[in-house]
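Below: one structure, written as structure tokens.
The values are calculated or read from the model by the stated rules, or taken from the named source; none is laboratory data. Note that the coordinates shown come from a computational prediction; the quantities given were computed from them, not determined experimentally. No Cβ is skipped: glycine too gets one built from the backbone with ideal geometry, and neighbour counts run over all protein chains shown. For accessibility, only protein heavy atoms count, side chains too; no ligands or nucleic acids. Shrake-Rupley method; radii C 1.70, N 1.55, O 1.52, S 1.80 Å.
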Amino acid sequence: MTTLLDARRDLALEARLRAGDLAPVLDKALAGERLDRRDALALEATRDLRGLAYLANLRRERLHGDRTYYVRDHHLNPTNVCRHACTFCAFARTRRAADAYTMDLAQVEDEAARMAALGVREIHVVGGVHPDWGYDVYVDVVRALRRHLPRGEVGIKAWTAVEVDHMAALSGLPLERVLTDLVEAGLDHLAGGGAEIFAPEVRRRICASKADGARWLEVHRTAHALGLPSNATMLYGHIEAPEHRIDHLLALRAVQDEALAGDALDPLAPVEKGFSSFIPLKFHPANTRLSHLPGPSLHDDLRALAIARLLLDNVPHIKAYWIMIGPDAAQLSLSFGVDDLNGTVLRERITHAAGATTDEGLSKERIVRLIREAGRAPVERDGRYAPVSVSEAAA
Ligand code: V47
């Protein structure tokens, strides 16, 4: 019997790939086998974007068919005051900066009430690492949000591993206790930021003062062991080399193997453990101390997404963050391994501070149109990828 996937295979293209620089990975990729570091280097080295797209798309369709996820969500950045001075960041401010801001808990609650009224399904909360905040503030922000956003209806995805590391340092508590306090306050999901590039020689030059790569991974490993799912990111297109990106992805894959503990990936099930999605973050140079760099091209963006889909065989979702790559590139990426367009996002500050010219939000109708136009089937999801509404095509 011919499967849908067989019907979509392009044997002429496969013959051409067999004669090109993707030949050494072709059979493994077609068979859905795990790719190793050498294979990954071949993926990074090739300029054959069509070949990468083909292989990543096969992997994507094996996992998700045409199903393409989106969520009605909102970002909340409670403060831009930060004790770190990462060279890639245009968002952080010192306490005394004229445009520094910090919300109090009443403002956080107002935002939460507004979001509840708008019917969002997920709220994404990250900010600066405020030098004056105590441990309780982080927990209280989650509790304040939860007062207005009922558990089971609205997912709270909050704080990055960098913030969690800071909470542990502030309180002297072990990571398990910090994460348990956050979950008891209402946290559903740990955010994926702060990962940047794990390699120490890169981190030293772009974000020397914050949690290192090993600690970032430890925070997520600890979250997974407690049953708290999380996301993972990688900031690409600054000073890193291809090897750094590959080692970053392989480190994430190893942590995900531990989380799954031998269980097969079930892409249709709501995510209950481990990393639920991986999001490559496109570096935006404007207004940063790396503003002399050109920033990634569309070619880089699509390659980063396709390579992630091929290497992260145990992470269910690859997310195109349209805020950073733009809605048109995000739509295109649905043929490069991506199955998740993130969300509507009502207001975003971090990338816009660094010169992003994308809209600050997309309507649900526009996201659905982008997905349908690409020949895919929209699935509105909640924070854990449980379907909220499923198009006929996706069903
Ligand atoms: O950690 C900061 C990045 C991250 C710049 O978990 C920049 O679902 C590009 O983590 N150019 C915060 N990137 C955003 C983030 C995120 C976004 C969307 C979804 C999720 C998720 C997480 O933004 C930071 C840093 O890596 N960042 N400055 C910049 N100039």
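Remarks
- Scanning segment 309-343 for residues that are hydroxyl-bearing (Ser, Thr, Tyr) and open to solvent by less than 10 Å² (accessible area, probe 1.4 Å) returns a single hit, SER333.
- Looking only at residues in segment 212-233 that are out of contact with any Ser or Thr (no Cβ under 9 Å at 6 or more places or on another chain) and within 15 Å of the ligand (Cβ to nearest atom), the one that is least open to solvent (accessible area, probe 1.4 Å) is GLY213.
- Residue list for segment 79-125, filter: at pLDDT 95 or above, crowded, with 18+ Cβ neighbours inside 10 Å and among the acidic types (Asp, Glu): GLU122
- Residue match in segment 145-153 (condition: under 18 Å from PRO229 (Cα atoms) and crowded, with 16+ Cβ neighbours inside 10 Å): yes
- Single residue of ALA286, ALA241, ALA251 found to be more than 8 Å from the ligand (Cβ to nearest atom) and either in contact (Cβ under 8 Å) with a residue 40 or more places away in the chain or within 30 Å of LEU179 (Cα to Cα) (or both): ALA251
- A single entry from ALA306, ALA251, ALA269, ALA261 fulfils the requirement of being assigned by TED's automatic domain parsing to the domain that holds ALA214, open to solvent by 40 Å² or more (accessible area, probe 1.4 Å) and among the small types (Gly, Ala, Ser): ALA261.
- Only helices (runs of 4 or more DSSP H) whose full extent lies in segment 1-73 are considered here, and the ones with at least 2 residues that are basic (Lys, Arg) and more than 14 Å from LEU310 (Cα to Cα) are 11-18.
- Number of the exception - ALA232 against (1) assigned to a loop (DSSP other than H, G, I, E, B); (2) in contact with a helix residue (DSSP H, G or I) (Cβ under 6 Å, 6 or more places away or on another chain): (1)
- Elements of type helices (runs of 4 or more DSSP H) contained in segment 292-351, each with 2 or more residues being under 18 Å from SER276 (Cβ atoms): 298-311
One line per residue, one yes/no per condition, for (1) over 14 Å from the mean Cα position of the chain (by Cα); (2) more than 15 Å from the ligand (Cβ to nearest atom); (3) of a type in the set (Asp, Glu):
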position: PRO280; (1), (2), (3): no, no, no
position: PRO294; (1), (2), (3): yes, no, no
position: ASP300; (1), (2), (3): yes, no, yes
position: ALA304; (1), (2), (3): no, no, no
position: ALA308; (1), (2), (3): no, no, no
position: TRP322; (1), (2), (3): no, no, no
position: ALA330; (1), (2), (3): no, no, no
position: SER335; (1), (2), (3): yes, yes, no
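For every residue, the table says whether it meets (1) open to solvent by 30 Å² or more (accessible area, probe 1.4 Å); (2) in contact (Cβ under 8 Å) with a residue 40 or more places away in the chain; (3) among the small types (Gly, Ala, Ser).
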{"residue": "ASP27", "(1), (2), (3)": "yes, no, no"}
{"residue": "LEU30", "(1), (2), (3)": "no, no, no"}
{"residue": "LEU35", "(1), (2), (3)": "no, yes, no"}
{"residue": "ARG38", "(1), (2), (3)": "yes, no, no"}
{"residue": "ALA42", "(1), (2), (3)": "no, no, yes"}
{"residue": "LEU49", "(1), (2), (3)": "yes, yes, no"}
{"residue": "ALA56", "(1), (2), (3)": "no, yes, yes"}
{"residue": "ARG60", "(1), (2), (3)": "no, yes, no"}
{"residue": "HIS64", "(1), (2), (3)": "no, yes, no"}
